[in-house]
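Heads up: the structure comes next, in structure tokens.
The values are calculated or read from the model by the stated rules, or taken from the named source; none is laboratory data. Since this is a predicted model, take the numbers as computed values, not measurements. Cβ atoms come from the backbone with ideal geometry, glycine included; neighbour counts cover every protein chain shown.
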Amino acid sequence: MIDGNKIIAIIPARSGSKGVPDKNIKLFNGNSLICRTIKEAKGSNYIDRIVVTTDSEEYAKHAIKCGAQVPFLRSKTLATDTSSASEVILNVINFLKKGGEVYEIFIYLQPTSPFRKTSHIDSAIEQFINNKDADSLISVKVVTENPHWIKLKNRFGFLANFLNNDPHLNRQSLPKFYIPNGAIYISLCNFYIEKQDFMSGNCVPYLMDQIDSIDIDSSFDWDLASYLDSKKNK
């Protein structure tokens with residue numbers, strides 16, 4: 001809890017990953033991605049409850065063993081490649097609400113961000129709370145391939161600028177662009193129930209560096225993250 005606001009952490013962990021089979025429970029340098037996320041969430045000074053939403057009994061048992069709660073199994077209709085995050089989030093909020101549990105804020109932590117730490121979680125929560133006009137927060141990283149340098153191929157087969165800009169601008173003169181890194185999403189519960197979208201109101205950006213922003217979606221991502229993690233440990 002922070003400033004009288006109860007906070008629930010929602011960790012999505014569906015089974016059936018295609019890029020890296022069972023990546024959420026696969027051992028990542030000695031620990032699963034689910035357990036890493038649960039561990040960092042448990043270290044938070046502000047999170048009141050940690051709930052894992054999954055369609056798998058195996059995943060549920062694993063999450064409970066790691067210290068989270070799994071109050072129900074997600075239906076198969078909410079565990080497909082096309083299931084949206086908003087459906088999953090609202091499914092948890094509404095289930096708990098029916099049981100009399102009401103939270104002012106939720107934080108959505110995907111297990112596929114292995115370098116997101118407790119320090120990131122708490123500083124993001126503090127940044128969100130300290131901005132009284134904020135409805136939501138999304139963690140981001142700076143886009144390394146600036147859109148001002150992106151080219152398109154025109155109908156004649158020649159390169160054309162993606163954006164209309166001064167071709168003589170140097171890198172230091174270009175504006176910075178940001179992209180969500182998938183590590184942290186925070187929102188007022190009532191706002192999200194109404195809008196079902198983080199970007200429909202005043203959304204605060206929480207900046208993270210390139211390494212801490214790594215999101216595992218493929219076997220290449222897994223190998224890269226594993227290598228970097230082993231270097232960090234050394």
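From the set of residues in the range 28-41 that are in a strand (DSSP E or B) and touching a residue at least 24 places away in the same chain (Cβ under 8 Å), which is nearest to S75 (Cα to Cα)?
My answer is S32.
Which one is surrounded by the most Cβ atoms within 10 Å (Cβ to Cβ), of the residues in the range 43-75 that are closer than 27 Å to E126 by Cα and in contact (Cβ under 8 Å) with a residue 60 or more places away in the chain?
Looking at the filtered set, the residue picked out is I47.
Might you let me know whether the range 81-97 holds any residue that is touching a strand residue (DSSP E or B) at 6+ places or on another chain (Cβ under 6 Å) and basic (K, R)?
No: the range 81-97 contains no residue that is touching a strand residue (DSSP E or B) at 6+ places or on another chain (Cβ under 6 Å) and basic (K, R).
Taking the options I193, I179, I214, name whichever one is within 30 Å of K132 (Cα to Cα), surrounded by 11 or more Cβ atoms within 10 Å (Cβ to Cβ) and without any contact (Cβ under 8 Å) to a residue 40 or more places away in the chain.
I179
Quick check: is even one residue across the range 42-64 in a strand (DSSP E or B) and hydroxyl-bearing (S, T, Y)? Can you show your working first?
Pass one, the range 42-64, residues in a strand (DSSP E or B): 49-53.
Pick out the ones that are also hydroxyl-bearing (S, T, Y) and you get 53.
Checked against the condition, which is being in a strand (DSSP E or B) and hydroxyl-bearing (S, T, Y), the range 42-64 yields at least one hit.
For the range 55-78, enumerate the residues that are under 20 Å from the mean Cα position of the chain (by Cα), of a type outside the set (D, E, K, R) and at pLDDT below 95.
Listed by number, the list holds a single entry, L78.
Could you tell me whether S83 is surrounded by 14 or more Cβ atoms within 10 Å (Cβ to Cβ), in contact with a His (Cβ under 9 Å, 6 or more places away or on another chain) and of a type in the set (S, T, Y)?
no
Have a look at T112, T82 and point out the one that is closer than 19 Å to V20 by Cα, without any contact (Cβ under 8 Å) to a residue 12 or more places away in the chain and not small (G, A, S). Before you say what the answer is, go through the steps one by one.
Numbers: T112 fails: without any contact (Cβ under 8 Å) to a residue 12 or more places away in the chain.
Going through T112, T82 in turn, just one is closer than 19 Å to V20 by Cα, without any contact (Cβ under 8 Å) to a residue 12 or more places away in the chain and not small (G, A, S): T82.
Kindly list the number of the only condition in (1) assigned to a loop (DSSP other than H, G, I, E, B); (2) crowded, with 16+ Cβ neighbours inside 10 Å; (3) among the aliphatic types (A, V, I, L, M) that fails for L90.
Here L90 clears every test but (1).
With Y46, Y59 as the choices, which residue is touching a strand residue (DSSP E or B) at 6+ places or on another chain (Cβ under 6 Å) and among the aromatic types (F, W, Y)? It would help to see each step written out before you state the result.
On the way: Y59 fails: touching a strand residue (DSSP E or B) at 6+ places or on another chain (Cβ under 6 Å).
Matching residue, one of Y46, Y59: Y46.
If I filter the range 204-234 down to residues being charged (D, E, K, R) and within 13 Å of the chain's Cα centre (by Cα), which single residue comes out as farthest from S139 (Cα to Cα)?
Out of the qualifying residues, it is D217.
Restricting the range 1-27 to residues that are outside any loop (DSSP other than H, G, I, E, B) and under 18 Å from the mean Cα position of the chain (by Cα), which is nearest to V92 (Cα to Cα)?
Step by step, filter the range 1-27, then rank; the result is I10.
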